[in-house]
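Presented below is the structure to which this report refers.
Taken together, the values in this text are just the output of simple stated rules run on the coordinates, not laboratory data. Just so you know, these numbers come straight off a predicted model, no measurement behind them.
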Ligand SMILES: Nc1ncnc2c1ncn2[C@@H]1O[C@H](COP(=O)(O)OP(=O)(O)OP(=O)(O)O)[C@@H](O)[C@H]1O
Ligand SMILES: O=C(O)[C@H](O)[C@@H](O)[C@H](O)[C@H](O)CO
């Protein structure tokens with residue numbers, strides 16, 4: 001039997017650095033990168049842009065499309081890195097069912113810093129006033145889930161990627 005390939009899901013609230021870190025990590029591991037924000041429906045984007053947080057029902061089809069990407073990356077053995085908030089345990093369980101080798105990199109950050117980062121970022125649909133709702137939904141990575149938690153408040157992206165690349169299982 002061939003070994004299970006790994007998909008790394010870079011998770012955390014808006015502003016925690018998922019896109020920044022995820023892209024660098026995918027380059028480092030030389031695997032495809034998925035920006036999960038690109039799979040949001042127009043309706044979901046419009047809802048967030050109007051200042052309303054997504055609920056479980058809004059997220060459901062989006063999570064299923066991400067799970068499909070994880071399934072294919074796993075089944076073909078190519079591996080990958082996904083930048084996705086994956087705020088709740090049940091969302092992460094869906095991903096693990098899609099890919100047995102799914103591994104989480106949780107970028108832990110305080111709300112004040114996340115709020116400052118989102119407010120300071122131009123050209124993105126996510127308004128800073130939604131950051132509190134991200135923390136309301138957040139269920140941090142649990143010790144019984146496979147992965148690594150990194151406190152990213154004072155760590156630069158390259159240092160975070162170094163730590164993740166050392167800790168992650170081989171992707172392919
Ligand atoms: N470790 C870091 N230290 C300082 N600034 C960072 C760090 N990581 C990301 N940033 C900056 O914070 C902002 C948010 O980063 P990024 O867009 O990667 O977060 P995100 O989690 O993908 O957010 P969203 O979910 O809203 O797309 C960007 O301006 C980015 O340059
Ligand atoms: O589950 C969610 O509430 C969403 O995925 C958000 O996290 C946004 O997509 C993202 O943070 C904005 O870029």
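Axis of helix 18-29 versus longest Cα principal axis of the chain: the two differ by about 20°, to the nearest ten degrees. Maximal additional length on extending the residue 128-residue 165 stretch stands at 10.3 nm, based on 0.36 nm per residue less the C-alpha distance. Taken along its three principal axes, the alpha carbon spread of the stretch 7-167 comes to 39, 34, 29 Å, from the longest extent down to the shortest. The Cα-based radius of gyration of the stretch 1-99, divided by its Kirkwood radius, gives an Rg/Rh of 0.98.
Here the stretch 7-167 carries DSSP beta bridges of which approximately 0% are antiparallel, counting only pairs with both residues inside.
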